[in-house]
Amino acid sequence: MIVRFVVLLAALALVACAAPAPAPEPTKPADFTGVVQAIAPTVVTVRTGQAVGSGVVYKRDVVVTNEHVVTGSAEVTVNYADGSESGASVIAADPATDVAVLRTDRADLTPAEFETDLPGQGAWVLAIGSPLGLQNSVTVGVVSGLHRSLGANIEDLMQTDAPISPGNSGGALVDARGQVVGLNEAYVPPQTGAESLGFAIPAATVVNVADRLLAGDDVVHVYLGVSVGELTEDIRARLGVDASGGALVLGVEPDSPAAEAGARPGDAIVRFGDAPVSDVDDLFTALRGRAPGDQVTAVVIRHGERVDLRVTLAARR
């Protein structure tokens, strides 16, 4: 099965809050016809034997897709929006982020434009791919959440309610301007009780990993071992967190670098090494600049007090 059927291994922490003032409804474009016409030539179908997935043109002869789409394959077939097809070789893949790069037999492809800044929660997005082999199918939804995790190894995902089905894996999650903001990754099937619960790898991760793979570099991932969320004003008030910004620790994995350093749920990470942390994005950015074995002081606010945690980072398992 091209799209992995997954069950979230840890419940997302929910914080009860008073009903906020009504927010204006987001403005939905009259239609997405122009966006689809612009992006469709950059989305492809990837076939490995009887299995089918999707991909996005990254360079004139390179396609990015999910690692689990091409697992075990050295050669695949790529179908293009113009009705043609060609062979492609699997250059390299990174199972930890589920990103793979393919070198196609064609060198005249039109690359998609990747937007590495995260979209806002509630932004309109389109999922484009080949669900069940139906090439260039389009579904519409919004960004439901950011910085989600699927298990211990697939981290920092975007959540969307744009319907994703088997075969969508590796396809494009596109914003209302036609820029690729993510690579479709997985969905939680309805039989688990979920409804419209899909996930995508952020474009920043895709670009970072694809460039390393194309350069022949090893892709090493730093492991901290915390799940984090945004520290909103309401959460600060309700949990008594005395910090104007930071990344809120929702959970700490047992035997992880964070656990060994003494991190606790409810901590607000406000500095990581030399980098100030005003939100979750700052923390992930700081982590990307580190290597396994680095010793870093993480500053957290706990019950109104500053606590310095000495963390020895590890490689992601």
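Below are the figures for this structure:
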{"item": "Meets criteria (aliphatic (A, V, I, L, M), under 14 Å from ALA210 (Cα atoms) and not assigned by TED's automatic domain parsing to the domain that holds PHE284) for ILE128", "result": "no"}
{"item": "Count - residues of the range 259-317 that are in a helix (DSSP H, G or I), under 19 Å from GLY245 (Cβ atoms) and in contact with a strand residue (DSSP E or B) (Cβ under 7 Å, 6 or more places away or on another chain)", "result": "6"}
{"item": "Only one of VAL311, VAL270, VAL300, VAL277 that is touching a Lys or Arg at 6+ places or on another chain (Cβ under 9 Å), of a type outside the set (Lys, Arg) and in contact (Cβ under 8 Å) with a residue 40 or more places away in the chain", "result": "VAL300"}
{"item": "The range 240-258 - residue that is in contact with a Leu (Cβ under 6 Å, 6 or more places away or on another chain) and outside any strand (DSSP E or B) and, of those, farthest from VAL226 (Cα to Cα)", "result": "GLY246"}
{"item": "Filter result for VAL252 (more than 30 Å from ALA162 (Cβ to Cβ), within 22 Å of the chain's Cα centre (by Cα) and not aromatic (Phe, Trp, Tyr))", "result": "yes"}
{"item": "Residue list for the range 269-298, restricted to those being in contact with a helix residue (DSSP H, G or I) (Cβ under 8 Å, 6 or more places away or on another chain) and either crowded, with 20+ Cβ neighbours inside 10 Å or at pLDDT 85 or above (or both)", "result": "ILE269, PHE272, GLY273, ALA275, PRO276, VAL277, ALA298"}
{"item": "Matching entry among ASP82, ASP94, ASP98, ASP108 (being touching a residue at least 40 places away in the same chain (Cβ under 8 Å) and closer than 22 Å to LEU134 by Cα)", "result": "ASP82"}
{"item": "Extreme residue, nearest to PHE199 (Cα to Cα), among residues of the range 100-125 that are out of contact with any Ser or Thr (no Cβ under 7 Å at 6 or more places or on another chain) and part of a strand (DSSP E or B)", "result": "TRP124"}
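Results for (1) among the polar types (S, T, N, Q); (2) at pLDDT below 80, shown as yes or no for each residue.
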site	(1), (2)
SER227	yes, no
ASP234	no, yes
LEU239	no, yes
ALA247	no, no
GLU253	no, no
SER256	yes, no
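The values are calculated or read from the model by the stated rules, or taken from the named source; none is laboratory data. Nothing here was measured: the structure is a model prediction, and the numbers come from that model. Positions of Cβ are generated from backbone atoms using ideal geometry, with glycine treated the same way; all protein chains shown enter the neighbour counts.
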